[in-house]
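First the structure, which I've put down as structure tokens, then a few questions once you've had a look.
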């Protein structure tokens with residue numbers, strides 16, 4: 001019997017493939033579906049391989065050395081000492097209290113080793129849904145992160161390159177993670193961000209969680225387990241340059257110590273592990289998502305391109321605007337303008353309208369796609385439907401008992 005983890009991956013792949021009309025491709029390549037103009041996950045690593053084997057070098061580069069800028073304590077190594085597959089479909093980045101090769105750090109002889117991986121020169125993206133499913137370590141001084149840097153960092157330097165921190169955690173906050181942007185005039189301790197705290201005293205190190213951003217022109221929205229908790233736009237950077245409308249590459253690392261987390265102490269247990277289940281980037285060849293076409297060849301559209309909660313989703317002439325660019329989240333959501341396609345008030349009755357709303361992980365925002373091109377809300381077991389089979393611009397979309405009618409059929413292109 002397939003494991004729950006394998007079934008989850010298969011279902012998510014099927015959802016994306018049917019809705020986006022995608023084809024399977026090799027690592028870190030864009031998939032362009034003939035006749036659709038859509039693309040599948042442009043980057044995916046599920047870390048399948050024998051226990052003890054190295055990370056895929058066609059996708060990742062392992063950085064080496066120390067980091068004086070943050071006053072981190074570790075020395076990043078290559079090979080499998082600190083970054084290896086576990087044979088169960090995970091990459092394990094391990095921080096150890098050791099110095100097997102007399103490594104020298106900014107403060108003298110290094111006390112710790114760890115690993116830092118990036119996709120520079122192998123993969124970059126501009127816009128899309130960027131996520132990692134991980135279990136972070138616990139302990140004072142631990143600093144796991146999943147983040148991105150502008151590909152032009154070699155030319156313009158940091159922070160002009162821009163930095164998007166999808167997830168950072170510092171060990172003294174076991175229940176909280178942070179999402180932050182850094183750019184010219186808002187970097188380091190002046191970075192702009194927010195935290196997300198698990199409810200009821202839960203601790204991130206106790207299980208896997210999905211950390212993501214939905215990134216579009218002039219907008220970045222952060223989420224944990226499908227729940228959006230922060231959106232940033234150029235209005236937030238105080239008149240400084242918005243540094244995020246360009247390609248970025250990915251970084252995964254586990255730092256030890258530094259200005260923000262502080263150093264490990266006697267309570268910190270080593271080795272400490274960041275366990276990564278998967279990393280993926282889903283986008284399209286238009287860089288902002290793909291149109292969902294329905295009745296009379298018209299598009300699912302966010303009315304007025306308004307990202308406010310409760311904005312109607314309607315049928316409208318396809319026009320290529322951001323209000324008609326949709327991406328599929330690995331959590332079963334369908335997203336535009338940084339928010340989710342939502343069944344109003346979680347209704348299940350025929351005729352319940354759909355709207356745009358903050359992503360919140362509820363069943364009202366989960367969608368499944370059939371091979372017959374129905375888009376179904378499983379909670380209601382009903383189809384996305386054009387009200388009254390009316391192809392006029394502005395006709396509201398709703399859920400309705402699946403009939404097989406043309407007003408319930410959807411393609412991407």
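Could you tell me which numbered condition residue 354 fails, if it satisfies all but one of (1) outside any loop (DSSP other than H, G, I, E, B); (2) out of contact with any helix residue (DSSP H, G or I) (no Cβ under 9 Å at 6 or more places or on another chain)?
(2)
Look through the range 359-378, keep the residues that are more than 24 Å from the chain's Cα centre (by Cα) and free of Cβ contacts under 8 Å to residues at least 40 places away in the same chain, and return whichever of them is nearest to residue 229 (Cα to Cα).
374
Which ones in the range 368-389 are closer than 21 Å to residue 298 by Cβ, in contact with a helix residue (DSSP H, G or I) (Cβ under 8 Å, 6 or more places away or on another chain) and assigned to a loop (DSSP other than H, G, I, E, B)?
Once the filter is applied, which keeps residues that are closer than 21 Å to residue 298 by Cβ, in contact with a helix residue (DSSP H, G or I) (Cβ under 8 Å, 6 or more places away or on another chain) and assigned to a loop (DSSP other than H, G, I, E, B), the range 368-389 yields 370, 373, 374.
Now for a separate question. Since residue 112 meets every condition but one in (1) modelled with pLDDT of 95 or more; (2) surrounded by fewer than 22 Cβ atoms within 10 Å (Cβ to Cβ), which condition does it not meet?
Unmet condition: (2).
Moving on. Select from the range 190-205 the residues that are closer than 24 Å to residue 139 by Cβ and free of Cβ contacts under 8 Å to residues at least 60 places away in the same chain and list them in ascending order.
Within the range 190-205, 191, 193, 194, 195, 196, 197, 198, 199, 200, 201, 202 qualify.
Further question on the same structure: Between 234, 184, 264, 174, which is under 18 Å from residue 95 (Cα atoms) and free of Cβ contacts under 8 Å to residues at least 60 places away in the same chain?
None of the other options fit; the residue is 174.
If I go through the range 392-410 residue by residue, how many of them are touching a residue at least 60 places away in the same chain (Cβ under 8 Å) and surrounded by fewer than 16 Cβ atoms within 10 Å (Cβ to Cβ)?
Adding up the residues that qualify gives 4.
So that you can scan it fast, the table gives a plain yes or no per residue for (1) touching a helix residue (DSSP H, G or I) at 6+ places or on another chain (Cβ under 9 Å); (2) in the same structural domain as residue 268 (by TED's automatic domain parsing); (3) under 30 Å from residue 266 (Cα atoms):
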| residue | (1), (2), (3) |
| --- | --- |
| 146 | no, yes, yes |
| 151 | no, yes, no |
| 161 | yes, yes, no |
| 167 | no, yes, yes |
| 204 | no, yes, yes |
| 228 | no, yes, no |
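Given the structure, is residue 333 buried (at least 23 other Cβ atoms within 10 Å of the Cβ) and either under 28 Å from the mean Cα position of the chain (by Cα) or more than 24 Å from residue 221 (Cα to Cα) (or both)?
Considered against the rule, which asks whether it is buried (at least 23 other Cβ atoms within 10 Å of the Cβ) and either under 28 Å from the mean Cα position of the chain (by Cα) or more than 24 Å from residue 221 (Cα to Cα) (or both), residue 333 comes out as yes.
Kindly state which strands (runs of 3 or more DSSP E) lie completely within the range 52-138 and contain at least 2 residues that are closer than 14 Å to residue 279 by Cβ.
In the range 52-138, 83-85, 91-95, 116-118, 128-135 are the strands (runs of 3 or more DSSP E) which contain 2 or more residues that are closer than 14 Å to residue 279 by Cβ.
Just to be sure I understand, how many residues within the range 41-75 are in contact (Cβ under 8 Å) with a residue 60 or more places away in the chain, crowded, with 22+ Cβ neighbours inside 10 Å and farther than 28 Å from residue 129 by Cα?
Number satisfying all stated conditions: 3.
The values are calculated or read from the model by the stated rules, or taken from the named source; none is laboratory data. Quantities reported herein were computed from a predicted structural model and do not represent experimental measurements. Because the Cβ atoms are built from the backbone with ideal geometry, glycine has one as well, and the counts that use them run over all protein chains shown.
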